[in-house]
Amino acid sequence: MSLAKKFDKNKLILGLAAPLLAIVAAVAVTSVIIAITGKDPFHAYQVMVDYGSKSDSQVWIINKAVPYYLSALAVAIGFRMNLFNIGVDGQYRIAAFFAAVVGGAMTMPGFIQIPVIIITAMVVGAIWAGIAGLLKVTRGVNEVISTIMLNAIGGSIIGYFLQDGRLGKKEGNMVHTPVLPDSAHFFEIPTQPKPIYGFVVIAAIAGLAYWFVLNRTRFGFDLRTVGQSESAAAASGVNVKRMVITSMVLSGATAGLVGMPTLLGISYNYGTDFPVGIGFTGIAIALLGRNNPVGMALAALLWGFLERTGTQLEFEGYAQEIVGVVQGVIVLCVVIAYEIVRRYGLKTQQRKVGEELAAQARKSDKAEVSA
């Protein structure tokens with residue numbers, strides 16, 4: 001029992017060491033970079049904390065973090081399977097586009113229309129990601145290459161249909177799909193001075209489902225097993241090809257949710273100004289959160305915090321690019337710190353196992369001598 005407690009204690013220490021090391025390294029490197037530009041790094045941190053702690057900033061950060069978190073979940077599903085799905089950006093955009101088209105053509109009560117829009121987005125995203133999975137298992141096409149190509153194809157499809165006289169209509173310099181009726185507006189959580197988008201509830205449910213499926217179901221065990229060793233998974237009876245396709249489909253379905261907070265809570269249509277690039281941000285957040293649902297939630301909030309406070313730094317005379325530099329430094333420090341701690345923990349465990357084996361061997365030798 002004491003050995004188990006000691007092992008758990010060591011595991012906890014290693015778990016806390018990685019984020020602490022990453023934070024210290026990120027702050028140190030960022031401070032040096034800011035100082036090189038001739039600015040005071042401590043004043044920058046003070047400005048960021050003061051501005052980010054305001055109530056309107058907190059609401060903005062939460063609302064911004066919701067699509068980031070959903071994007072990270074979609075990426076993490078692939079990561080746990082050892083698949084690099086960088087097509088989340090194209091998957092959520094084409095999903096949001098067709099969901100907007102379907103929603104704009106409907107006039108139904110909200111309790112019917114909203115689920116139809118969300119399901120449409122998830123189905124389209126699943127199909128689009130499933131193409132990459134199918135190409136991988138049938139033709140051996142690397143998912144990185146196929147998802148990049150599908151991003152470009154998806155953008156071209158949207159560009160073709162999003163024209164006046166086709167599936168879009170022009171208003172001024174903007175072209176967008178028909179506006180969703182009021183019944184399709186998602187609920188909001190009343191806060192001051194602005195409300196929090198109700199889709200934060202869906203994001204929380206998605207995170208809980210991600211944790212449960214991967215950690216408490218046979219499917220999640222098989223998925224993680226394939227991600228660690230395809231040959232071992234196949235030897236244990238897991239259908240690796242089916243798992244690849246299923247994982248990509250689930251990743252795409254989750255990606256379909258990424259554009260829903262904007263579609264159902266802000267724009268109420270898909271236009272040429274619909275946000276892009278969220279899928280690539282999700283990759284950074286998944287790395288930052290180590291594919292853990294709680295870790296990714298904190299990373300999404302941190303990302304939103306940096307974006308929000310970065311605008312205030314510009315008014316204080318700091319370089320506009322400093323926020324992007326800080327984000328990159330944080331991701332690099334987290335990845336490096338976790339790898340250092342992982343290797344240290346592995347060496348420590350190997351050393352303990354060696355010591356235990358040596359102790360057992362000495363006991364056996366003594367027993368043989370006494371006999």
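Rounded to the nearest 500, the 222 nm mean residue ellipticity of the chain from helices alone is -25500 deg cm²/dmol, with -39,500 (n - 2.57) taken per DSSP H run of at least 4 residues.
Partners of Lys366 within straight-line reach, counting aspartates and glutamates whose Cα lies under 17 Å from its Cα and excluding those fewer than 8 residues away in the same chain: Glu355, Glu356.
When P(r) over Cα pairs in 20 Å bins from 0, in percent is calculated for this entry, the matching label among (1) 29, 51, 14, 5, 2, 0; (2) 27, 45, 15, 7, 5, 1, 0; (3) 25, 51, 20, 4, 0 is (3). Dipole size of region 207-320 about its Cα centre, with +1 on Lys/Arg Cβ and -1 on Asp/Glu Cβ: approximately 640 debye, rounded to the nearest 20. Applying 0.36 nm per residue to the separation of Val276 and Val294 and subtracting their alpha-carbon distance, the gain on full extension is 4.0 nm.
Against the chain, whose longest principal axis is taken from its Cα atoms, helix 88-104 shows a tilt of about 40°.
The stretch between Ile189 and Ile148, if pulled fully straight at 0.36 nm per residue, gains 11.1 nm over its current Cα-Cα span.
When the label point is put 7 Å from the Cα of Arg166 along its Cα-to-beta-carbon vector, which residues of region 94-129 have a backbone N closer than 13 Å? Within reach of a label on Arg166, which here means backbone N under 13 Å from a point 7 Å along Cα→Cβ, region 94-129 contributes 98. Principal-axis analysis of the Cα atoms of the chain puts helix 240-255 at an angle of about 50° to the longest axis.
In order along region 52-67, the Karplus-derived 3J(HN,Hα) couplings, from 6.51 cos²θ - 1.76 cosθ + 1.60 at θ = phi - 60°, round to x, 8, 5, 4, 5, 5, 5, 5, 4, 5, 5, 5, 6, 6, 4, x Hz, and Gly and Pro are given as x. Overall, the chain carries a charge dipole of about 1440 debye about its Cα centre when +1 sits on the Cβ of Lys and Arg and -1 on the Cβ of Asp and Glu, all other atoms neutral. Just to verify a number: FRET efficiency for Ala204 and Thr37, C-beta to C-beta distance, R0 = 51 Å, to 0.05? For Ala204 and Thr37, the calculated efficiency is 0.85. How far is helix 322-370 tilted off the main Cα axis of the chain, in degrees rounded to 10, range 0 to 90? Helix 322-370 sits roughly 30 degrees off the main axis of the chain.
May I ask which residue of Ile127, Tyr318, Val49 lies farthest towards the positive end of the charge dipole of the chain, with charges of +1 (Lys, Arg) and -1 (Asp, Glu) on Cβ and the Cα centre as origin? Positive-most Cα among the choices belongs to Ile127.
Springs between Cα atoms under 10 Å define the GNM used for the chain, and in it the highest mean-square fluctuation of Pro193, Pro181, Pro67 occurs at Pro193.
Pairwise alpha-carbon distances in region 179-332 exceed 23 Å for 53% of all pairs. Legend: translational diffusion of region 1-87 by Stokes-Einstein, Rh = Kirkwood radius over C-alpha pairs, 10 °C, 1.306 mPa s; D = 93 µm²/s. Model label points for Ala17 and Ile119, set 7 angstrom from Cα along the Cα-to-Cβ axis, are 5.1 nm apart. Rounded to 0.05, the FRET efficiency of the Met106 and Val27 pair, given R0 = 51 Å and the Cβ-Cβ distance, is 0.50. Each residue, Thr138 and Phe212, gets one label point 7 Å from its Cα in the Cβ direction; the gap between the two is 3.3 nm. Site pair Glu314 and Lys54 shows an inter-label distance of 1.5 nm when each label is modelled 7 Å from Cα along Cα→Cβ. Relative contact order of region 59-317: 39 percent, from C-alpha pairs under 8 Å at least 6 residues apart in sequence. Annotation: per residue accessible area for the chain equals 52 Å², rounded to a whole number [probe 1.4 Å, protein chains only]. The portion of the accessible surface of region 59-317 made up by carbon and sulfur, rounded to a whole percent, is 65 (1.4 Å probe; DNA, RNA and ligands excluded).
The values are calculated or read from the model by the stated rules, or taken from the named source; none is laboratory data. The shown structure was predicted, so the numbers you read here are calculated from the model rather than taken from an experiment. In this analysis, Cβ positions are derived from the backbone assuming ideal geometry, glycine residues included, and neighbour counts consider all displayed protein chains. Ligands, DNA and RNA are stripped out before the accessible areas are found, and what is left, the full protein with its side chains, is counted by its heavy atoms. Shrake-Rupley method; radii C 1.70, N 1.55, O 1.52, S 1.80 Å.
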